[in-house]
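Comments concern the structure below.
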């Protein structure tokens, strides 16, 4: 399995700046409001220092009261401005996350199907859920906090230098240890958190595939193997998280122990300067209060450092989806007919051996062809090549003389539709689920499509086509979901249809009735059916028998029975 790529640091930075640039006016307003709030907050310690100096100079209660009221006024102003600044920041964050989610969906839908399948559902599911959510938290909470706290620290230390340069230098006493441990942490954190994200994706993949194949696991008695596989993936997650925990266990104690150093240094140096008359008592008090006030934003920056690293790692994984080359747009070719030709096709997955060996096949327009054979013979692989999902290593699959992979993807899907036994019911109404195939279809056409595939259950729905489907609403059984998928197919009305065990979830009687109804509705269309029930082959115009990646027999049902070969053996086995 080949994972999806991860964006490099330069790409992450450019994407981050792009998010900000799209809403630069809001960002400017947020910065102005937070700077104003910070300036209002700087007034209180300075005024308190003035009170100390005034009391030392013998000022009365009137002066102290006026200065105290000024402090109260500054605190009120800071509170009001901070409230609006946070409100504006959260609105910006929500807009940015909404844009990010929309872009992620667009990038995901543009991925070639073959890439998604090779990557596995776990990787993509983790990126679309955990990673996008992590980036959302980072944009909404971490980025505003870090930016604003940095501005507050700059102003606070700047004011201390204004009070007296000596006090400013003393205030930097804890900076070397904080800078050193932060550099040590950042050099290791990015790699560690990317590894943690990859391990989580592998665990999701393991759990998803095990759950989806639960029946197979039980039938083949593979429970022990799948449990061991899951434990190994859990062990990788545990190991990766211990690695990030070790980083935090060094980073945070060093930072926390550095907080008292500047205050102690300012009081010590301030006391010496006070004895020499270089500073006043009020200036020393104000500087100490400013440093105490600086602990808050500094602590916010360092506490959110871990989440920032998680956010950057997740952002890189989310952006990596967009680095996969999109599905080729084709060469603008247009088929001259509807005949499907397969000539000398050989194909293998990734760097593995060939699973199809020199396939030659012609499917005439309007023909019903059944492809049968044992499991692993290459039937589904051939179906993917016919639908243009994969490109053969050698040879060519063409429609009307035009290679199917040279067709524009949208045109190819209108002409050739592949329906498998894996179906999805989207959260929404029955009408919404059907409209995916034909947005302009009328209610009458939708009902006709449901009737055509034998979906009689739709007549019992409480709200007809407006009935909500999915979690928390009307949940369809696997058989009903399969009929819904086939109804979409009827509405899509392609030129050629490939059914890869598309009625596998239906009972034999319903499946046969559905297949016959489809045959009547799709009369004149080319239908290629990967048949797991040989009744489908009996009704077909021709039958192709596949064994070990080769077509070994080709002919009508009666012809193959008379030939007394592999198909005849399958037919006798099927009928006992």
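If you check 222, 156, 194, which single one turns out to be touching a residue at least 60 places away in the same chain (Cβ under 8 Å), over 22 Å from the mean Cα position of the chain (by Cα) and surrounded by 12 or more Cβ atoms within 10 Å (Cβ to Cβ)? Outline the logic, then answer.
Working: 222 fails: touching a residue at least 60 places away in the same chain (Cβ under 8 Å); 194 fails: over 22 Å from the mean Cα position of the chain (by Cα).
Exactly one residue qualifies, and that residue is 156.
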- Task: From (1) in contact (Cβ under 8 Å) with a residue 12 or more places away in the chain; (2) crowded, with 18+ Cβ neighbours inside 10 Å; (3) more than 30 Å from residue 301 (Cβ to Cβ), pick out the condition that doesn't hold for residue 217.
- Result: (1)
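Condition check ((1) in contact (Cβ under 8 Å) with a residue 12 or more places away in the chain; (2) not in a helix (DSSP H, G or I)) across all residues:
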residue: 249; (1), (2): no, no
residue: 265; (1), (2): yes, no
residue: 268; (1), (2): yes, no
residue: 285; (1), (2): yes, no
residue: 288; (1), (2): yes, no
residue: 295; (1), (2): yes, no
residue: 301; (1), (2): yes, no
residue: 320; (1), (2): yes, no
residue: 323; (1), (2): yes, yes
- Query: Can you name every residue in region 471-493 that is surrounded by fewer than 17 Cβ atoms within 10 Å (Cβ to Cβ) and touching a strand residue (DSSP E or B) at 6+ places or on another chain (Cβ under 7 Å)?
  - Reply: 474
- Item | Residue check for residue 288: at pLDDT 80 or above and either more than 35 Å from the chain's Cα centre (by Cα) or crowded, with 21+ Cβ neighbours inside 10 Å (or both) | yes
- Message: Just checking, does region 77-86 include any residue being surrounded by fewer than 17 Cβ atoms within 10 Å (Cβ to Cβ), touching a residue at least 12 places away in the same chain (Cβ under 8 Å), in contact with a helix residue (DSSP H, G or I) (Cβ under 7 Å, 6 or more places away or on another chain) and over 18 Å from residue 150 (Cα atoms)?
- Response: yes
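For region 364-455, please list each of the strands (runs of 3 or more DSSP E) lying entirely inside it that holds at least 1 residues being at positive phi, buried (at least 16 other Cβ atoms within 10 Å of the Cβ) and modelled with pLDDT of 85 or more. Walk me through it before giving the result.
Numbers: elements: 368-372, 394-399, 416-419.
Filter on region 364-455 gives 394-399.
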- Task: Select from region 522-538 the residues that are assigned to a helix (DSSP H, G or I) and either at pLDDT below 65 or in contact with a strand residue (DSSP E or B) (Cβ under 7 Å, 6 or more places away or on another chain) (or both) and list them in ascending order.
- Result: 534, 536, 537
- Query: Within region 438-447, how many residues are in contact (Cβ under 8 Å) with a residue 40 or more places away in the chain and either more than 16 Å from residue 476 (Cβ to Cβ) or not assigned by TED's automatic domain parsing to the domain that holds residue 488 (or both)?
  - Reply: 3
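For region 123-241, give me every one of the helices (runs of 4 or more DSSP H) that falls completely inside it and has 3 or more residues that are farther than 17 Å from residue 311 by Cβ and touching a helix residue (DSSP H, G or I) at 6+ places or on another chain (Cβ under 9 Å).
On the way: elements: 132-137, 143-163, 165-171, 175-212, 214-219.
Hits in region 123-241: 143-163, 165-171, 175-212.
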- Item | Filter result for residue 181 (over 20 Å from the mean Cα position of the chain (by Cα) and either touching a residue at least 12 places away in the same chain (Cβ under 8 Å) or more than 30 Å from residue 279 (Cβ to Cβ) (or both)) | yes
- Message: So, in region 303-314, exactly how many residues are in a helix (DSSP H, G or I) and modelled with pLDDT under 80?
- Response: 7
- Message: Going through 232, 206 one at a time, which residue ends up being surrounded by 15 or more Cβ atoms within 10 Å (Cβ to Cβ), more than 30 Å from residue 298 (Cβ to Cβ) and either in contact (Cβ under 8 Å) with a residue 24 or more places away in the chain or under 25 Å from the mean Cα position of the chain (by Cα) (or both)?
- Response: 206
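For residue 496, indicate whether it is in contact with a strand residue (DSSP E or B) (Cβ under 6 Å, 6 or more places away or on another chain), in contact (Cβ under 8 Å) with a residue 40 or more places away in the chain, surrounded by 15 or more Cβ atoms within 10 Å (Cβ to Cβ) and in the same structural domain as residue 536 (by TED's automatic domain parsing). I'd like the intermediate steps shown before the answer.
Values: in contact with a strand residue (DSSP E or B) (Cβ under 6 Å, 6 or more places away or on another chain): yes; in contact (Cβ under 8 Å) with a residue 40 or more places away in the chain: yes; surrounded by 15 or more Cβ atoms within 10 Å (Cβ to Cβ): yes; in the same structural domain as residue 536 (by TED's automatic domain parsing): yes.
In short, yes.
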- Query: Of the residues that sit in region 333-363 and are touching a helix residue (DSSP H, G or I) at 6+ places or on another chain (Cβ under 9 Å) and outside any loop (DSSP other than H, G, I, E, B), which one is surrounded by the most Cβ atoms within 10 Å (Cβ to Cβ)?
  - Reply: 340
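Among the residues of region 554-576, write down those that are assigned to a loop (DSSP other than H, G, I, E, B) and either under 49 Å from the mean Cα position of the chain (by Cα) or surrounded by fewer than 14 Cβ atoms within 10 Å (Cβ to Cβ) (or both).
So in region 554-576, the residues assigned to a loop (DSSP other than H, G, I, E, B) come out as 556, 564-565, 575-576.
Scanning region 554-576 gives 556, 564, 575, 576.
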- Message: Within region 495-512, does at least one residue satisfy the condition of being touching a helix residue (DSSP H, G or I) at 6+ places or on another chain (Cβ under 7 Å), part of a helix (DSSP H, G or I), at pLDDT 80 or above and farther than 17 Å from residue 441 by Cβ?
- Response: no
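For every residue, the table says whether it meets (1) under 30 Å from residue 283 (Cβ atoms); (2) in contact with a strand residue (DSSP E or B) (Cβ under 9 Å, 6 or more places away or on another chain); (3) at pLDDT 80 or above; (4) surrounded by fewer than 15 Cβ atoms within 10 Å (Cβ to Cβ).
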site	(1), (2), (3), (4)
9	no, no, yes, yes
29	no, no, yes, no
40	yes, no, yes, no
74	yes, no, yes, no
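The values are calculated or read from the model by the stated rules, or taken from the named source; none is laboratory data. Bear in mind the structure is a predicted one, so any value in this text is a computation, not a measurement. Positions of Cβ are generated from backbone atoms using ideal geometry, with glycine treated the same way; all protein chains shown enter the neighbour counts.
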